[in-house]
1. Just to be sure I understand, how many residues within the range B:95-120 are polar (S, T, N, Q) and farther than 15 Å from B:T55 by Cβ?
2. For the subset of the range A:104-136 comprising residues that are among the small types (G, A, S) and touching a Ser or Thr at 6+ places or on another chain (Cβ under 6 Å), which member is farthest from A:P70 (Cα to Cα)?
3. Yes or no: A:G140 over 21 Å from the mean Cα position of the chain (by Cα), away from chain B (no Cβ under 14 Å) and over 30 Å from A:D45 (Cα atoms)?
4. Check every one of the strands (runs of 3 or more DSSP E) wholly within the range B:15-69 and list those with 3 or more residues that are facing another protein chain (nearest Cβ under 7 Å) and either out of contact with any helix residue (DSSP H, G or I) (no Cβ under 6 Å at 6 or more places or on another chain) or closer than 25 Å to B:K105 by Cα (or both).
5. Name the one entry in B:L192, B:L201 that is over 22 Å from B:V156 (Cβ atoms), out of contact with any Leu (no Cβ under 7 Å at 6 or more places or on another chain) and of a type in the set (A, V, I, L, M, F, W, C).
6. Please go through the range B:148-196 and give me each residue that is among the β-branched types (V, I, T) and over 27 Å from B:V98 (Cα atoms), ordered by number.
7. Could you go through the range B:86-98 and let me know if any residue there is closer than 30 Å to B:L189 by Cα and either more than 8 Å from chain A (Cβ to nearest Cβ) or not β-branched (V, I, T) (or both).
8. Kindly indicate whether B:S84 is touching a residue at least 24 places away in the same chain (Cβ under 8 Å) and either basic (K, R) or within 20 Å of A:V53 (Cβ to Cβ) (or both).
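The values are calculated or read from the model by the stated rules, or taken from the named source; none is laboratory data. Note that this is a predicted model, so its numbers are computed, not measured. Cβ atoms come from the backbone with ideal geometry, glycine included; neighbour counts cover every protein chain shown.
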There are 2 protein chains.
Amino acid sequence: MFDNKEKTNIESLGEFGLIDYLTKNIKISQKSTVKGVGDDAAVLDFDGKKTLVSTDMLLEGIHFDLAYTPLKHLGYKAIQVNLSDIYAMNGIASQVTVSIGISSKFPLEAVEELYEGIYLACEKYNVDLVGGDTSSSKQGLVISVTSIGYADEKDVVYRSGAEEGDLICVSGDLGGAYTGLQLLEREKLVYLENPNIQPDLEGKDYIVERQLKPEARRDIIELLKSIEVKPTAMIDVSDGLASEILHICKQSNKGCNLYEDKIPLDPMTYETAREFNLDPTVCALSGGEDYELLFTVKQADYDKIKFKMDITIIGYITEPSAGCNLITKSGNLHPLKAQGWNAFKPAS
Amino acid sequence: MFDNKEKTNIESLGEFGLIDYLTKNIKISQKSTVKGVGDDAAVLDFDGKKTLVSTDMLLEGIHFDLAYTPLKHLGYKAIQVNLSDIYAMNGIASQVTVSIGISSKFPLEAVEELYEGIYLACEKYNVDLVGGDTSSSKQGLVISVTSIGYADEKDVVYRSGAEEGDLICVSGDLGGAYTGLQLLEREKLVYLENPNIQPDLEGKDYIVERQLKPEARRDIIELLKSIEVKPTAMIDVSDGLASEILHICKQSNKGCNLYEDKIPLDPMTYETAREFNLDPTVCALSGGEDYELLFTVKQADYDKIKFKMDITIIGYITEPSAGCNLITKSGNLHPLKAQGWNAFKPAS
């Protein structure tokens with residue numbers, strides 16, 4: 001993928017040189033960041049608030065394919081995926097640490113591109129990069145991100161707070177990241193068969209972007225705060241709607257009914273799923289990587305959210321003995337199963 | 001290395017099954033841990049103290065070799081390496097997150113062994129495991145640890161606080177981890193040539209343990225607190241004494257004189273270095289992985305530390321224009337160079 005001519009080999013910089021190079025333009029914007037990169041540990045001060053910590057690891061060949069993932073997008077996504085977990089606690093993300101393992105043969109320009117995406121995400125979401133580790137890897141690119149955030153005790157939302165009768169809501173639309181991935185995988189195969197054929201992604205920008213450049217839904221957290229709705233339970237959609245609602249129901253010890261015809265799908269997702277002979281509903285239920293927020297609210301909050309463009313009510317919480325069900329378009333009731341993305345059984 | 005007969009394949013558990021399995025016995029011991037594993041993020045409460053965050057990534061083939069690293073030791077070391085950074089800020093470590101990438105063909109029993117070491121370290125150092133990520137890896141074992149700790153503002157020690165005339169101190173002894181590694185590498189080669197020959201590590205327990213099972217120096221932090229000595233600057237020795245003192249001098253904008261004959265070496269380190277035709281001083285200066293604490297104290301504190309068995313005074317801080325020097329046993333002055341371990345130029 002990279003043309004190594006006239007590129008700077010990172011081996012020549014060494015670890016400290018590389019870290020200096022990559023962190024020289026860091027700007028600190030968070031009041032809670034007392035000391036960022038450059039000592040044994042970052043020093044943070046949350047002034048009486050609850051601290052939130054989340055971590056994710058992205059591995060080449062498992063979570064991303066450099067054949068069709070621009071490094072800048074990858075850096076951006078690595079941060080988003082992590083911030084999404086902080087927002088899913090109804091918190092505000094404030095700091096991240098980033099550790100990368102890269103082949104020493106990787107050109108410096110490629111590492112820079114990766115960090116451009118990382119810095120872009122940090123800037124846009126107003127988080128400080130406060131630490132990390134940079135190491136050679138014999139095993140492809142590895143990115144590990146830990147995000148730190150905060151919330152007032154009264155604001156923290158767990159997965160376990162859903163009550164019977166609560167409305168199940170989801171932000172944005174689902175299944176797009178998965179259908180985008182199908183497209184990218186198809187075009188990769190076409191390219192491998194004939195490198196002269198240009199990828200045909202025309203008119204598919206939205207779902208390709210859903211896959212390559214997801215946005216964590218900080219805006220939804222802000223929206224809910226502004227209309228004074230505190231979810232009773234919340235989780236982000238990383239493994240697919242089915243898997244996530246099952247997490248909420250399991251941890252809240254409740255059941256649920258989801259309505260298939262309420263699940264928000266973008267027309268492009270629908271159309272592309274059909275092209276691939278996939279059931280669009282299954283793409284939403286089991287596709288994953290949409291990084292939308294799935295949450296439950298009290299029925300009393302219905303009026304506050306019913307006309308919010310970017311929030312869809314897709315079902316309600318039931319007593320645990322009723323189980324977790326999907327009510328299909330034809331009115332049948334199907335038990336939900338977590339067939340979500342399994343990190344130990346990569347789809348491709 | 002592993003006999004796969006009668007072992008449980010982790011693929012059969014899936015990601016959530018594996019996480020449940022590995023975290024089912026977690027005990028929370030820290031008051032600051034409000035919510036640990038099991039939601040989108042951990043929730044911590046530091047009650048007005050400064051929060052410390054540090055992260056490290058360990059990659060198979062770069063940082064460890066499974067040919068001679070028992071998985072339990074590896075898990076233990078992965079935690080120690082990270083806690084060491086929190087202690088180097090004069091803080092108390094309280095939580096860790098652990099992300100691992102492992103081949104899906106790895107037997108469950110092997111993952112369990114790794115976590116046994118992780119849990120053992122957490123228990124011994126009184127830290128809570130509060131989150132993580134578990135993923136398949138196509139490319140060998142990857143471990144990423146983030147540790148979180150706390151300190152009162154007045155107690156935090158940075159690398160940048162050294163003043164002219166301060167005494168340079170180091171805990172324990174140096175060079176052992178590196179000579180231990182040489183031994184392990186030699187025995188690996190012997191074994192590869194003739195698998196019937198048993199490794200000959202007799203009488204070398206100490207340095208082998210220094211390499212495979214380092215201990216972060218929480219005890220030194222506690223000792224310094226008990227004798228009311230606050231270091232002016234501190235760093236942990238992960239890359240070798242030379243590299244670390246240069247970090248302190250650079251960030252404090254000072255110089256230093258280190259005395260070769262003061263550098264603490266265990267007799268076994270000395271003897272083994274000689275066996276390998278290595279200069280024992282170079283092993284201490286550039287070997288790394290000793291995870292001792294290197295710190296500077298005011299001269300006024302001399303009486304408090306001079307008889308502490310586990311602390312050695314090895315030099316003093318000078319004005320920056322004097323440079324960073326090693327005074328050799330023969331009285332010559334050599335400029336110190338960071339030839340420490342370079343993650344992009346693996347020694348073996």
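1. Just the residues of the range B:95-120 that are polar (S, T, N, Q), to begin with: B:95, B:97, B:99, B:103-104.
Restricting the remaining residues to those that are farther than 15 Å from B:T55 by Cβ gives B:103-104.
The number of residues fulfilling the criteria is 2.
2. A:G131
3. Details: over 21 Å from the mean Cα position of the chain (by Cα): yes; away from chain B (no Cβ under 14 Å): no; over 30 Å from A:D45 (Cα atoms): yes.
No.
4. Values: elements: B:33-35, B:42-45, B:50-59.
Per the criteria, B:42-45, B:50-59.
5. Values: B:L201 fails: out of contact with any Leu (no Cβ under 7 Å at 6 or more places or on another chain).
None of the other options fit; the residue is B:L192.
6. From the range B:148-196, those among the β-branched types (V, I, T) are B:148, B:156-157, B:168, B:170, B:179, B:190; that's our starting set.
Answer for the range B:148-196, where residues must be among the β-branched types (V, I, T) and over 27 Å from B:V98 (Cα atoms): B:I168, B:V170, B:T179, B:V190.
7. Within the range B:86-98, the first condition is being closer than 30 Å to B:L189 by Cα, and the residues that meet it are none.
Within the range B:86-98, not a single residue is closer than 30 Å to B:L189 by Cα and either more than 8 Å from chain A (Cβ to nearest Cβ) or not β-branched (V, I, T) (or both).
8. Here the answer is yes, as B:S84 does meet what is asked.
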